[in-house]
1. Mind listing just one residue for me: the one in region 217-268 that is of a type in the set (Lys, Arg) and outside any helix (DSSP H, G or I) and, of those, farthest from residue 417 (Cα to Cα)?
2. In region 74-119, what residues are of a type in the set (Lys, Arg) and outside any helix (DSSP H, G or I)?
3. Condition (residue is within 24 Å of residue 17 (Cα to Cα) and among the hydroxyl-bearing types (Ser, Thr, Tyr)) applied to region 381-400: is it met by at least one residue?
4. Could you tell me which of the residues 409, 463, 431 is modelled with pLDDT of 85 or more and aliphatic (A, V, I, L, M)?
5. Assuming residue 72 fulfils every condition listed in (1) more than 30 Å from residue 309 (Cβ to Cβ); (2) touching a residue at least 40 places away in the same chain (Cβ under 8 Å); (3) surrounded by fewer than 24 Cβ atoms within 10 Å (Cβ to Cβ) apart from one, which condition is it?
6. Has region 200-220 got any residue that is under 15 Å from residue 109 (Cα atoms) and of a type in the set (Ser, Thr, Tyr)?
7. Any residue that is under 21 Å from the mean Cα position of the chain (by Cα), of a type outside the set (Ser, Thr, Tyr) and surrounded by fewer than 17 Cβ atoms within 10 Å (Cβ to Cβ) - is there at least one of those in region 123-146?
8. Over 16 Å from residue 403 (Cα atoms) and crowded, with 24+ Cβ neighbours inside 10 Å, is that true of residue 100?
Amino acid sequence: MPETVRVAAPTEPSGLGLARDRAFVSALVTTAVPVTLQALLSTSRTMVDTVLVARLGTDEIAAIGYGSRVVFVVMLATMGMADGGAVIIAQFRGSGDAARARCASAVTTAITVGIAFAAFAACFSWARPLVAVATEDPRVIDLGAQYVRAVIGMILPFAVISSLAAALRCVGQARVAAACALVGILLHLTLAYALVFGHWGLPAYGVRGAGWATLASTCAEALLLVGYVYLSRNVMAFRLRDCVNGFRDGISAKVRRVGVPVSLSSTSWALGILAYSILVGRAGTMELAVLSMVNPLESFAIAVFIGVSTAAGVMVGSSLGERKPERTWSLSKALLIWTAGIAFGTCLVLLSAYFWLPVLYDGVAPETLGVARDTALVLGIVFLFRAMNITIQNGLLRAGGDTIFVLRVDIFTQWAVAVPLTALVTLVWDVPFPLVFLAINAEEIVRFFISGSRLLRRRWMRVLID
């Protein structure tokens, strides 16, 4: 059983004092900024596809918006496994055991790639039925299936990227993955522009061209990252024997114990997002298009807090590995202070989208654009809860191995609160879409109070590597 860390009399600086400490701020920025940049660059692929395809028509926006949701589910399943494995890697690194940290990285990569391969086979085989669940419009179904089949192959290189990037973050080298992501998005932007509209002598493939651009750029990004890790003889450059040792010595069990609940939690959340898209799609193509227009804004904002929560997980995980419970609690409070401050600024940016959305989507019908602007206001108001939840759950509770609790909370708040409420407002009450979007985000408000209560009890602080 994991060892529960008992909190002794505080000897570390207070949370507020630590939040102003230069060493703390430097450690937070060193990890959070590159991870945020990487997440923003990865998210921008969907943003680029949506903006480019918006010039083709509303059906194309709806198709690529829902198709990207399908891909998003399997991306989160693989990324959840990688993030769960990173908890074990961080604690091994904190304890000074580099060899076992490398074994944990090898096992995490092997399991993550296995999940990705199964997801690829399922989505490629059942692309059309998956899209048909959300809409009865035959044109949207056809376009959405084309996009899913074109893009789903990216999940295999994405699994490699997620696993290696998670390992590099644990050794303070998060900027490497960010640099590779920058090359990937520049390549994607170039290819998408050419393949969607048929520039530079290439045929115009429309939504399929956007999917192929994502596939090609993700493969290039993975090759760059793998090349760096092995050509530089990085400490995380595992060999086959590390993978074998990890399965033989029981490290795989530790990775699965944390990673599987994280993967299930991420998958459950992503499936809930897919359920929202299905319900909105049943309400109408215009509503599905609005959701597709707002999703990239939300994804960009979430990317910022993926960076903060990842830094929190690395710092708290290392502190737990060093058996420093007082510092762990002070770190947690300092990280929440920074999260609240960044969240306030992010919400202001989201609220300002009301004014600049018409510039971004200048080819969209005025009625659709008006609903999207109102929805952006709702997003700016409720995102504060989302931001705090990302750091509390993904950064703090998971770093202490409290993954089963997080899984239960995610399932309850989404499937017992938000999904039924969204079904009511879309299928029964017929309310304006901004209120539908508020119902979708009801889970974040409930989740904040449940997870916050758990955090304050401090039972989540556990050493998992004993």
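The values are calculated or read from the model by the stated rules, or taken from the named source; none is laboratory data. Worth saying up front: this structure is predicted, and the values here are computed from it rather than measured. Glycine also receives a Cβ, built like all others from the backbone with ideal geometry; neighbour counts cover every protein chain displayed.
1. Of everything passing the filter in region 217-268, 233 is farthest from residue 417 (Cα to Cα).
2. So the first thing to find is which residues in region 74-119 are of a type in the set (Lys, Arg), and the list is 93, 100, 102.
Listed by number, the list is empty, since nothing qualifies.
3. Scanning region 381-400 turns up at least one residue that is within 24 Å of residue 17 (Cα to Cα) and among the hydroxyl-bearing types (Ser, Thr, Tyr).
4. On the way: 463 fails: modelled with pLDDT of 85 or more; 431 fails: modelled with pLDDT of 85 or more.
Sole residue among the options that is modelled with pLDDT of 85 or more and aliphatic (A, V, I, L, M): 409.
5. (1)
6. The answer is no; no qualifying residue exists.
7. Within region 123-146, none of the residues are under 21 Å from the mean Cα position of the chain (by Cα), of a type outside the set (Ser, Thr, Tyr) and surrounded by fewer than 17 Cβ atoms within 10 Å (Cβ to Cβ).
8. Details: over 16 Å from residue 403 (Cα atoms): yes; crowded, with 24+ Cβ neighbours inside 10 Å: no.
It is false that residue 100 is over 16 Å from residue 403 (Cα atoms) and crowded, with 24+ Cβ neighbours inside 10 Å.
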